[in-house]
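The values are calculated or read from the model by the stated rules, or taken from the named source; none is laboratory data. This structure is a prediction, so every number in the text was calculated from the model and none was measured. So basically every Cβ, Gly included, is an ideal-geometry build from the backbone, and we count neighbours across all protein chains shown.
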Amino acid sequence: MKRLLQALGGDAVWPPPIWLMRQAGRYLPEYRQLRAETPDFVSFCLDPKRAADATLQPIRRFGMDGAILFSDILILPWALGRDLTFTEGHGPRLTPLRAVDEVLALDKSRFLDRVAPVLETIGLIRSELAQKHPETALIGFVGAPFTVACYMIEGGGSKEFAETRRMAAASPGTFDQLIAVLTETSIDYLSAQIAAGAEAVMLFDSWAGLLSPTGFERHVIGPAARIAAAIGQRHPGVPMIGFPRLAGTMIAAYAEQAGVGTVGMDTAADPRVVRRLVPEATGLQGNLDPFALLQGGEVMEREARAILDAMNNRPFVFNLGHGVMPPTPPAHVAALVDLVRGR
Ligand code: 1CP
């Protein structure tokens, strides 16, 4: 069995498998070149040949244990009929969603047709992996409902997501309906990704840490538990990773109740403490500081070894605490892979 799938299945594989969030992206010259051919980012994500190529670039260079589908968490709202553009330097822009009518108008009947190119991408990736990188497993993903709702309501990125949190408090009926639609469509989308060839799936809840404990239980743990239960029923044995970023002490409740087999730790989480907080059976993933990777050398080595020491003899997947930063030298990534593999 592929080492990543073994670890996600609950085995303490050592040395641990490694892949990195945002391992495909602007720090790679070959990515910048490929990306320049399609200035529109949504079109790039929906171009199966190019998206498969972007997915495979870090695998060809570093031989990671996991390949993550090249796409974006905002393709789901786009497929549900929301306008989406990515502007250079500003990140994503969506038409802000503020009214219950707009939730009711989300096009749940045709969204799977609109993501057909993404499913085709998955098939292309799997065939190249089978031929050239038989040890690498393909990870599919969605944004978790709360994080996707943040971008849909706010209309783009934000530090505080004030409108989103205001809606959750002031119009809980509307907010819950949006979360419910995102939960149901995420289940169908992940299920379609698995049917197309994804071997594991991940839920990115990048903004989970904005919520109070009660909000976290309701909008982060609740939807994750529904998604994990449905995927477990439809696709027994396909592992799921949940990443409730900046969850703090709520990582314990998430690990116990969300029903995902593996929990991603963010940069701020202390792996020695998390190890004690979460049940033995839960796998962990993370959490090297992306700035330590950017720095490389002794800083990176010291930080990476501390994580490895804390995770010894536990089902574990080495990763970053958040995505690779664009100025990161690719040589630092190669050195990290060697270090984790004990070479
Ligand atoms: O021009 C470019 O190349 C755009 C940069 C970029 C890339 C490379 C964006 C825009 N998205 C992606 C790909 C991507 N996004 C992947 C697949 C590639 C990989 O990981 O190797 C994945 C899994 C994501 C997930 C994603 N998109 C998240 C969750 C993880 C996280 O980083 O917290 C989020 C929050 C997004 C939204 C998004 N898309 C892009 C940007 C710049 C952002 C962040 C916007 C913001 O809040 O500032």
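The set of residues in segment 247-297 that are in contact (Cβ under 8 Å) with a residue 60 or more places away in the chain and among the charged types (D, E, K, R) is empty. Of (1) in contact (Cβ under 8 Å) with a residue 12 or more places away in the chain; (2) out of contact with any Lys or Arg (no Cβ under 7 Å at 6 or more places or on another chain); (3) away from the ligand (no atom under 16 Å from the Cβ), residue 181 satisfies all except one. Which? Here residue 181 clears every test but (2). The residues on offer are 285, 295, 257, 233, and the sole one that is of a type in the set (S, T, N, Q) and either touching a Ser or Thr at 6+ places or on another chain (Cβ under 6 Å) or under 19 Å from residue 143 (Cβ atoms) (or both) is 285.
Matching residues to (1) over 22 Å from residue 157 (Cα atoms); (2) touching a helix residue (DSSP H, G or I) at 6+ places or on another chain (Cβ under 9 Å):
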{"site": "9", "(1), (2)": "yes, no"}
{"site": "27", "(1), (2)": "no, yes"}
{"site": "41", "(1), (2)": "no, yes"}
{"site": "60", "(1), (2)": "yes, yes"}
{"site": "64", "(1), (2)": "yes, yes"}
{"site": "74", "(1), (2)": "no, yes"}
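Here is a yes/no grid of residues against (1) surrounded by 24 or more Cβ atoms within 10 Å (Cβ to Cβ); (2) more than 30 Å from residue 122 (Cβ to Cβ); (3) of a type outside the set (Lys, Arg):
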position: 212; (1), (2), (3): no, yes, yes
position: 225; (1), (2), (3): no, no, yes
position: 228; (1), (2), (3): no, no, yes
position: 235; (1), (2), (3): no, no, yes
position: 243; (1), (2), (3): yes, no, yes
position: 249; (1), (2), (3): no, yes, yes
position: 261; (1), (2), (3): no, no, yes
position: 313; (1), (2), (3): no, yes, yes
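Looking only at residues in segment 129-148 that are in a helix (DSSP H, G or I) and touching a strand residue (DSSP E or B) at 6+ places or on another chain (Cβ under 9 Å), the one that is nearest to residue 42 (Cα to Cα) is 148. Among the residues of segment 263-278, how many are buried (at least 19 other Cβ atoms within 10 Å of the Cβ) and assigned to a loop (DSSP other than H, G, I, E, B)? Residues flagged as buried (at least 19 other Cβ atoms within 10 Å of the Cβ) and assigned to a loop (DSSP other than H, G, I, E, B) within segment 263-278 amount to 4. Restricting attention to segment 134-169, the residues that are aliphatic (A, V, I, L, M) and more than 11 Å from the ligand (Cβ to nearest atom) total 9. In segment 111-134, the condition of being over 23 Å from residue 48 (Cα atoms) and either among the aliphatic types (A, V, I, L, M) or modelled with pLDDT under 95 (or both) is met by no residue.
For (1) at pLDDT 95 or above; (2) over 20 Å from residue 141 (Cβ atoms); (3) buried (at least 24 other Cβ atoms within 10 Å of the Cβ), each residue gets a yes or a no:
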{"position": "3", "(1), (2), (3)": "yes, no, no"}
{"position": "9", "(1), (2), (3)": "yes, no, no"}
{"position": "27", "(1), (2), (3)": "yes, no, no"}
{"position": "30", "(1), (2), (3)": "yes, yes, no"}
{"position": "46", "(1), (2), (3)": "yes, no, no"}
{"position": "63", "(1), (2), (3)": "yes, yes, no"}
{"position": "67", "(1), (2), (3)": "yes, no, yes"}
{"position": "72", "(1), (2), (3)": "yes, no, no"}
{"position": "79", "(1), (2), (3)": "yes, no, no"}
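Annotation note: of 105, 67, 52, the sole residue that is touching a residue at least 40 places away in the same chain (Cβ under 8 Å), of a type in the set (A, V, I, L, M) and out of contact with any strand residue (DSSP E or B) (no Cβ under 9 Å at 6 or more places or on another chain) is 52. Checking each residue of segment 84-92 against the condition of being hydrophobic (A, V, I, L, M, F, W, C), more than 19 Å from the chain's Cα centre (by Cα) and closer than 24 Å to residue 166 by Cβ gives at least one match.
Residues that are hydrophobic (A, V, I, L, M, F, W, C), in contact (Cβ under 8 Å) with a residue 12 or more places away in the chain and assigned to a helix (DSSP H, G or I) within segment 149-163 comprise 149, 150, 152, 153, listed in sequence order. Hey, can you tell me all the residues within segment 184-207 that are more than 16 Å from the ligand (Cβ to nearest atom) and buried (at least 22 other Cβ atoms within 10 Å of the Cβ)? Correct list: 185 only.
Given the residues 140, 156, which is the only one that is modelled with pLDDT of 95 or more and closer than 16 Å to residue 200 by Cβ? Only one candidate qualifies: 140. Among the residues of segment 312-343, the one identified as assigned to a helix (DSSP H, G or I) and in contact with a Lys or Arg (Cβ under 7 Å, 6 or more places away or on another chain) is 330. In this entry, residue 53 passes the filter for residues that are farther than 20 Å from residue 335 by Cα, acidic (Asp, Glu) and touching an Asp or Glu at 6+ places or on another chain (Cβ under 9 Å).
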